[in-house]
Amino acid sequence: MRKIKDDIYWTGYIDWNLHNFHGYSTPSGSTYNSYLILDEKPTLIDSVKNIGTEKMINYIKEIIDPSKICYIISNHTEMDHSGSIDKILEYCPNAQVVCSNKGEEHLKRHFKKNWNFKVVNNGDTLNIGKRNLSFFMTPMVHWPDNMVTYCAHDSILFSNDGFGQHIASSERFANNLGLDIVFYEAAKYYANIILPYGNQVLKVLDALSGLTIEMICPSHGLIWNDKNDISKLLELYKNWATHTTENKVLIIYDTMWHSTEKMAYKFFDLLEKANIPVELIYLQNTHISDIITKILFTKFLLIGSPILNNQILPTMSALLTYMKGLKTKNRFGLTFGSYGWSTVGFKDLEESLKIAGLELVENGIYLKFIPDPEELEKLNDLIPKIKNYLN
Ligand code: FEO
């Protein structure tokens, strides 16, 4: 339990052991943040994943008798946030569960209970005493039911998944941990969770633009409580939502007998000589959730795979599936690889990248078995073309 402002407490759960969030690598763990506001009508904002139920309830008991809670605001149904609502309701059976229309539908589907729901719409307010809480619908950031809660009295935005980071820490405020780490994890979180919903993010940013926000309390990770950090974060969200990238190249490859690797390294050498910022990623030792974080910032991708049984390598297929779901728009690319007797698998590579939102700027470069030095040298012809897209 931690007091974060007068009468406002963090009552969440630190999940030090979460290293995989349905496929998203989270080596730093995470937190499920729940917040308790003491006012005439004590209000709990979000709960925690069920592994932290007991901890959350004990925290609440240190602050007030849980039976006094009048409202439980469920900003989002996903079980990392609403997973303990059923248990806390056992202590305050008359409390109203405040949520969006979709939130009610989702909570009923998850818990099979007809609780005392109070459905709120965009712009609605709820008076809890000296505070009015306002609700803004933020559908698809991250599920259709999402909303955020704003407390004008304290200038706090309770943003649920938005602006979160998967970090387990005994610190509660971003600027107490190390901002490089927190901003990196915020970017990774955006890339792996929120990237497909840029248009919705822009609408949310627009809706929030008239609010005074001195603190952002997300449902994962650290609380943002510095004005400059909050401005920077909002600006980054705008850039990411509009797919604003940096003028650099990411080479992502896997290889069987080092032929595709030779091409990848040749591209790297040529781009470096041309003073183009470039980074090389070997799929075998880099997790796709880290790769997507790099893609978040990158304008041009060179994607290489050999052919195995008429298909690209499974590691590459996994990345492509991930990219298709996350809709990496407004980026350019070029494919390359080595094959033995059939190039048919490269069609899947190209088509998948197009679905993922990449514009392929040239035909793919596919070389039979082992590349000749002359063939590798010829890759140099592509460098000016790649450079054209980086400005
Ligand atoms: Fe952190 Fe969409 O739940």
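Within the bounds of the range 248-268, is there any residue that is within 18 Å of Lys385 (Cα to Cα), surrounded by fewer than 14 Cβ atoms within 10 Å (Cβ to Cβ) and either of a type outside the set (A, V, I, L, M) or over 30 Å from the mean Cα position of the chain (by Cα) (or both)? Within the range 248-268 (the criterion being within 18 Å of Lys385 (Cα to Cα), surrounded by fewer than 14 Cβ atoms within 10 Å (Cβ to Cβ) and either of a type outside the set (A, V, I, L, M) or over 30 Å from the mean Cα position of the chain (by Cα) (or both)), the answer is no, since none of the residues qualifies.
Quickly run through the range 53-65 and pick out the residues that are among the β-branched types (Val, Ile, Thr) and in contact (Cβ under 8 Å) with a residue 60 or more places away in the chain.
Start the filter on the range 53-65 by keeping residues that are among the β-branched types (Val, Ile, Thr), which leaves 53, 57, 60, 63-64.
The answer is Ile63, and nothing else.
Residues that are surrounded by fewer than 19 Cβ atoms within 10 Å (Cβ to Cβ), of a type in the set (A, V, I, L, M) and modelled with pLDDT of 95 or more do not occur anywhere in the range 323-336.
Answer yes or no: is there a residue in the range 6-20 that is of a type in the set (D, E, K, R), within 26 Å of Asn132 (Cα to Cα) and surrounded by fewer than 23 Cβ atoms within 10 Å (Cβ to Cβ).
Residues of the range 6-20 of a type in the set (D, E, K, R): 6-7, 15.
The next check asks that each one be within 26 Å of Asn132 (Cα to Cα); those that pass are 6-7.
When the remaining residues are screened for being surrounded by fewer than 23 Cβ atoms within 10 Å (Cβ to Cβ), the result is 6-7.
Yes, some residue in the range 6-20 is of a type in the set (D, E, K, R), within 26 Å of Asn132 (Cα to Cα) and surrounded by fewer than 23 Cβ atoms within 10 Å (Cβ to Cβ).
Where strands (runs of 3 or more DSSP E) sit wholly within the range 252-365, those with at least 3 residues that are of a type in the set (Phe, Trp, Tyr) occupy 331-339.
Restricting attention to the range 1-51, report how many residues are basic (Lys, Arg) and touching a Cys at 6+ places or on another chain (Cβ under 9 Å). Explain how you work it out, then say what you get.
Here is the first cut: in the range 1-51, the ones basic (Lys, Arg) are 2-3, 5, 41, 49.
Checking which are touching a Cys at 6+ places or on another chain (Cβ under 9 Å) leaves us with 41.
Residues meeting the conditions: 1.
When the residues of the range 27-36 are filtered to those that are in contact (Cβ under 8 Å) with a residue 60 or more places away in the chain and surrounded by fewer than 22 Cβ atoms within 10 Å (Cβ to Cβ), the one that is farthest from Ile73 (Cα to Cα) is Ser28.
Evaluate the range 90-110: report whether one residue or more is more than 21 Å from Ile60 (Cβ to Cβ), of a type in the set (A, V, I, L, M, F, W, C) and more than 16 Å from the ligand (Cβ to nearest atom). Taking every residue of the range 90-110 in turn, none turns out to be more than 21 Å from Ile60 (Cβ to Cβ), of a type in the set (A, V, I, L, M, F, W, C) and more than 16 Å from the ligand (Cβ to nearest atom).
Taking the criterion of being surrounded by 14 or more Cβ atoms within 10 Å (Cβ to Cβ), assigned by TED's automatic domain parsing to the domain that holds Thr255 and in contact (Cβ under 8 Å) with a residue 60 or more places away in the chain, would at least one residue in the range 337-351 satisfy it? Taking every residue of the range 337-351 in turn, at least one turns out to be surrounded by 14 or more Cβ atoms within 10 Å (Cβ to Cβ), assigned by TED's automatic domain parsing to the domain that holds Thr255 and in contact (Cβ under 8 Å) with a residue 60 or more places away in the chain.
Testing Lys68 on (1) under 22 Å from the mean Cα position of the chain (by Cα); (2) in contact (Cβ under 8 Å) with a residue 12 or more places away in the chain; (3) more than 16 Å from the ligand (Cβ to nearest atom), one condition comes back false. Which one is that? All conditions pass for Lys68, except number (1).
Screening Thr242 on (1) at negative phi; (2) away from the ligand (no atom under 16 Å from the Cβ); (3) more than 19 Å from the chain's Cα centre (by Cα) shows it passes everything except condition (3).
Put simply, of Lys87, Lys118 the only residue that is more than 30 Å from Leu195 (Cβ to Cβ) and assigned to a strand (DSSP E or B) is Lys118.
The values are calculated or read from the model by the stated rules, or taken from the named source; none is laboratory data. Quantities reported herein were computed from a predicted structural model and do not represent experimental measurements. Positions of Cβ are generated from backbone atoms using ideal geometry, with glycine treated the same way; all protein chains shown enter the neighbour counts.
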